[in-house]
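Participant: My structure is below; once you've seen it, I'll send some questions.
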Amino acid sequence: MPDPIEVRKVPLHSVSDASEFAALIDSRVIEADRVIAVIGKTEGNGGVNDYTRIIADRAFREVLLAKGTRSSEQVKQIPIVWSGGTDGILSPHATIFATTDPATAPTTDEPRLTVGFAMSDTLLPEEIGRTAMITKVAAAVHVAMERAGISDAADVHYVQTKTPLLTIDTIRDAKSRGHQVFTEDTLHSMDVSNGCTALGIAVALGEIEMPSDEDVMRDRSLYSSVASCSSGVELDRAQVVLVGNTRGIGGRYRIGHGVMSDALDADGIWAAIRDAGLQLPERPHPSDLDGRLVNVFLKCEASQDGAVRGRRNAMLDDSDVHWHRQIKAAVGGVTAAVTGDPAAFVSVSAAHQGPDGGGPVAAIIDAG
């Protein structure tokens, strides 16, 4: 049985700031050597060249090295997933997951938060967007489930991944070995990597059957309701952080999930919070959360038909501001209106993550 989990959200006061993370350790809320994952938002452009992810990553790993006993190589293996871009009112922050001593954690037979992580085999550039990637991601998800102590896929509520996207260098590498890549548009490769990873998660959890190469980025009816996929240049494998509930672990926290059917579906966010176990009135207000919502994690996507609830928008035709940034800001506003907190994890590029134009939502609450 894995150890119980402590989870806390902290703000980032600047792109290189990890002071609030350090303060959690200094105040003994968590132990540096028990931190098992970090999922956060940085204020960069969210694109291929978003250096803020690298800066934030370094700042948090330096704290772990300074305040713990793990070696540099051990700290390097801790999954720290940064999603770039806090467009609109979204605020930079990080959610820290750490194990805690079972002897000091609240005991309960109710389902409580558990976390498992894994790394896939190396993903070659020519595998991104193809079934080879789906297979490798699915295998890593199974490992993460086992490490989380979860045997039933229904108990998995959130799978956050980070995978490689394509760059000029990796495209050149594939061609030098006689292979073609899915796309030579490096920004589009972010969508491709995310979408293909989501299909791997869906296959692993039994949400869909194994798709074909031709289904990737084309058949949007194939999706996962719990996948949250990001990509970048920092790694060459799929990094998987799987979060769910299990009985007997103890602790204070619980997770649930829901799905936004479109960019305005606030009810989908409330559904995730209810699924986590928080009792709410029929027409809830942020004040009903009573400080018990730790964080929500969402993916969003501009609908392929260029409309929301029958009303046309210009996001997909805008050559000045990419739709990635516009939909993230829009859904970020809807999310903050629900939670009352702009420090929410809202990430774009949600192909195969929830229905077209919508996206999955996960919510972590303090169950007491």
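Nothing in this text is a laboratory measurement; each read-out follows from the coordinates by a stated rule. In this text, all values refer to a predicted model and were calculated from it rather than measured experimentally. So basically every Cβ, Gly included, is an ideal-geometry build from the backbone, and we count neighbours across all protein chains shown.
Participant: Just going by the charge dipole of the chain, with Lys and Arg at +1 and Asp and Glu at -1 on Cβ, which of Ser193, Thr339, Ala66 is farthest out on the positive end?
Facilitator: It is Ala66, whose Cα lies furthest towards the positive end.
Participant: So, one more: Along its principal axes, what span do the Cα atoms of the stretch 81-174 show, with the longest given first and each in whole Å?
Facilitator: 54, 37, 23 Å, listed from the longest principal axis down.
Participant: Next up: Can you compute the helix-only [θ] at 222 nm over the chain? Use -39500 (n - 2.57) per DSSP H run of at least 4 residues, normalise by all residues, nearest 500 deg cm²/dmol.
Facilitator: Calculated at 222 nm, the ellipticity per residue is -8500 deg cm²/dmol.
Participant: Using only Cα atoms, what is the ratio of the radius of gyration of the chain to 2.2 N^0.38 Å?
Facilitator: The chain yields a ratio of 0.93.
Participant: I want to check the label-to-label distance for Ile89 and Thr107. Put each point 7 Å from Cα in the C-beta direction and report it in nm to one decimal.
Facilitator: So the two model labels end up 4.5 nm from each other.
Participant: If we sort 268-275, 65-72 on the protection proxy, mean other Cβ atoms within 10 Å, highest first, what's the order?
Facilitator: Packing order, densest peptide first, comes out as 268-275, 65-72.
Participant: Same structure, new question: Please report the spacing between the Cα centers of the stretch 104-154 and the stretch 1-20 in Å, no decimals.
Facilitator: The stretch 104-154 and the stretch 1-20 have Cα centres separated by 21 Å.
Participant: Based on the mean of other Cβ atoms within 10 Å per residue, sort peptides 261-267, 287-293 so the most packed one is first.
Facilitator: Output ranking for 261-267, 287-293: 261-267, 287-293.
Participant: Then there's this: How big is the dipole moment of the chain about its Cα centre under a simple scheme where the beta carbon of each Lys and Arg is +1, that of each Asp and Glu is -1, and everything else is neutral? Debye, nearest 20, please.
Facilitator: Here the size comes out at about 560 debye.
Participant: Could you work out how much longer the chain between Arg58 and Leu187 gets when fully extended? Use 0.36 nm per residue separation minus the Cα distance between them, nm to one decimal.
Facilitator: 44.1 nm
Participant: Quick one: give the max-minus-min coordinate of the C-alpha atoms of the stretch 232-273 along each principal axis, largest first, in Å.
Facilitator: 37, 36, 12
Participant: Compute, for the stretch 92-224, the length of the dipole vector about the Cα centre, with Cβ point charges of +1 (Lys, Arg) and -1 (Asp, Glu) only. Units Debye, rounded to 20.
Facilitator: 340 debye
Participant: Quick check: residue separation of His142 and Glu209 times 0.36 nm, minus the Cα distance between them. What number comes out in nm?
Facilitator: Full-extension gain reported as 22.6 nm.
Participant: Continuing with the same structure: Among Ala105, Met145, Gly258, whose Cα lies farthest out toward the positive end of the dipole of the chain, if unit charges sit on the beta carbon of Lys, Arg (+1) and Asp, Glu (-1)?
Facilitator: It is Ala105.
Participant: Sort the following peptides by mean Cβ neighbour count (other Cβ atoms within 10 Å, averaged over residues), highest first: 342-350, 44-52, 1-9.
Facilitator: Numbers: 342-350: 26.0, 44-52: 17.8, 1-9: 19.9.
Sorting 342-350, 44-52, 1-9 by mean packing, highest first, produces 342-350, 1-9, 44-52.
Participant: Would you mind computing, in nm to one decimal, how far apart the modelled labels at Ala132 and Ser287 are, each placed 7 Å from Cα along Cα→Cβ?
Facilitator: 5.8 nm
Participant: Right, next: Given that compact globular proteins tend to follow 2.2 N^0.38 Å, what is the ratio of the alpha-carbon Rg of the stretch 2-115 to that value?
Facilitator: Working: Rg = 14.7 Å, N = 114, 2.2 N^0.38 = 13.3 Å.
Expressed relative to 2.2 N^0.38 Å, the Cα Rg reads 1.10.
Participant: For Lys175 and Arg311, calculate 0.36 nm times their separation in residues minus their Cα-Cα distance, and state this gained length in nm to one decimal.
Facilitator: 44.7 nm
Participant: Take the alpha carbon gyration tensor of the stretch 231-338, find the square roots of its eigenvalues, order them as a ≥ b ≥ c, and report rounded if a/c is under 1.5; if not, report prolate when a/b exceeds b/c, else oblate.
Facilitator: Oblate is the answer for the stretch 231-338, as a/c is 1.5 or above yet b/c matches or exceeds a/b.
Participant: Select from Ser287, Thr163, Leu298 the residue farthest towards the positive end of the dipole of the chain; place +1 on Cβ of Lys and Arg, -1 on Cβ of Asp and Glu, and compute about the Cα centre.
Facilitator: Going by the Cα projections, it comes out as Ser287.
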